[in-house]
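Structure first, commentary second.
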């Protein structure tokens with residue numbers, strides 16, 4: 001039976017279909033939602049900022065996306081907002097790319113011919129579990145974070161009322177990486193005993209708690225805001241997540257990540273200060289970059305490699321190399 005045409009949606013985003021789709025042969029377009037169907041055509045709004053019309057007979061190329069354990073409500077909301085803007089006669093907010101992703105890879109392989117396994121990349125970015133560790137080395141920092149927040153070590157400290165020792169161990173981890181400014185660590189070292197206890201418990205819960213990550217991250221942001229006297233930066237807010245869960249969570253360097261979004265997911269919501277929904281957008285951006293790198297024959301070890309790829313190719317000094 002032929003499918004019945006969908007009614008042209010109203011100008012309210014909530015009235016649009018909820019299903020997310022991915023084009024079978026163009027995954028680089030990102031996810032999409034259906035904007036309308038009429039006269040034998042469907043229009044889909046994609047994450048890359050384009051509204052594309054698909055002729056009847058090719059609808060099967062748009063494959064429904066299974067969301068699994070990680071809902072994509074933030075993507076759906078952003079795409080619907082773009083559709084509603086157009087329907088209201090407004091121009092949707094779409095970030096402009098500073099270069100193509102292919103140009104980024106070209107610069108990356110020019111600097112590191114063997115990609116993420118290049119000896120120079122290992123020496124400058126990854127480091128090793130042994131030998132002298134520098135702040136820019138990710139492997140020693142990952143190991144230090146996991147050891148400091150290992151439940152077998154951290155839980156007894158909390159239970160015995162020795163949260164101050166745990167807080168100090170975590171601050172030592174942060175002092176040993178360039179993912180956060182040293183000024184942030186110095187501020188937290190001035191916390192009193194009660195504040196250190198709260199900090200240690202919230203940080204441990206962020207890394208290993210059983211509640212949904214959104215809730216744990218929100219609690220962490222509120223605590224940092226209160227203890228530091230100001231809202232944290234993206235770097236401060238995301239470093240520990242990335243070090244304790246480098247395969248699934250990302251350290252956000254907002255300036256470079258915003259430039260990356262211009263060529264990968266320009267319709268996303270990327271707030272200036274950390275928010276839960278915006279973190280989801282940045283994390284999805286990083287995971288998309290990782291997938292695009294793998295499709296290009298590059299194999300990042302984790303999302304810290306992705307973070308460093310984005311920073312290496314899109315920081316301001318790197319953009320000079322990308323100019324024609």
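Bear in mind these aren't lab numbers, they're just calculated from the coordinates by the rules spelled out. Because the structure is predicted, anything quoted here is derived from the model rather than measured. Neighbour counts run over all protein chains shown; Cβ positions are idealised from the backbone, glycine included.
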Most fluctuating residue of 267, 313, 109 in a GNM of the chain with Cα springs under 10 Å: which is it? 109
Please report the relative contact order for the range 127-244, taking Cα pairs under 8 Å with a sequence separation of at least 6, and give it as a percent rounded to a whole number. 26
Taking the 0 to 90 degree range and rounding to the nearest ten, how far is the long axis of helix 73-87 tilted relative to the main principal axis of the chain, both from C-alpha atoms? 40
Based on the Cβ-Cβ distance of residue 50 and residue 218, what FRET efficiency does E = 1/(1 + (r/R0)^6) give at R0 = 41 Å, to the nearest 0.05? 0.80
Cα long-axis angle, helix 193-208 against the chain (0 to 90 degrees, to the nearest 10): 50
Highest GNM mean-square fluctuation among 59, 21, 220, for the chain with Cα springs under 10 Å, belongs to 59
From zero outward in steps of 20 Å, how is the percent of C-alpha pairs of the chain spread across the bins? 29, 52, 18, 1
Going by C-beta contacts inside 10 Å, put 150, 247 in order with the fewest on the left. 247, 150
Among 261, 286, 183, the residue with the largest mean-square fluctuation in a Gaussian network model of the chain built from Cα contacts under 10 Å is 183
Going 7 Å from the Cα of residue 190 in the Cα-to-Cβ direction, what parts of the range 215-232 have a backbone nitrogen less than 18 Å from that spot? 224-232
Determine, for 139, 65, the number of other Cβ atoms within 10 Å of each Cβ, and report the residues in order from fewest to most. 65, 139
Quick note on 244, 77, ordering by fewest other C-beta atoms within 10 Å, gives 77, 244
Cα Rg, Dmax (largest Cα-Cα span) when computed across the range 13-87, Å: 11.7, 37
When the distances between all Cα atoms of the range 93-146 are binned every 10 Å from zero, what whole-number percent does each bin get? 23, 33, 26, 16, 1
How far is helix 303-314 tilted, in degrees, relative to the longest principal axis of the Cα atoms in the chain, given as a value from 0 to 90 rounded to the nearest 10? 70
Kirkwood Rh, Cα Rg: Rg to Rh for the range 109-195? 1.10
Take the eigenvalues of the Cα gyration tensor for the range 255-310, scale each by 5, and report the square roots as semi-axes in whole Å, largest first. 20, 11, 9
Value of relative contact order over the chain, rounded to a whole percent, pairs C-alpha under 8 Å and six or more apart: 17
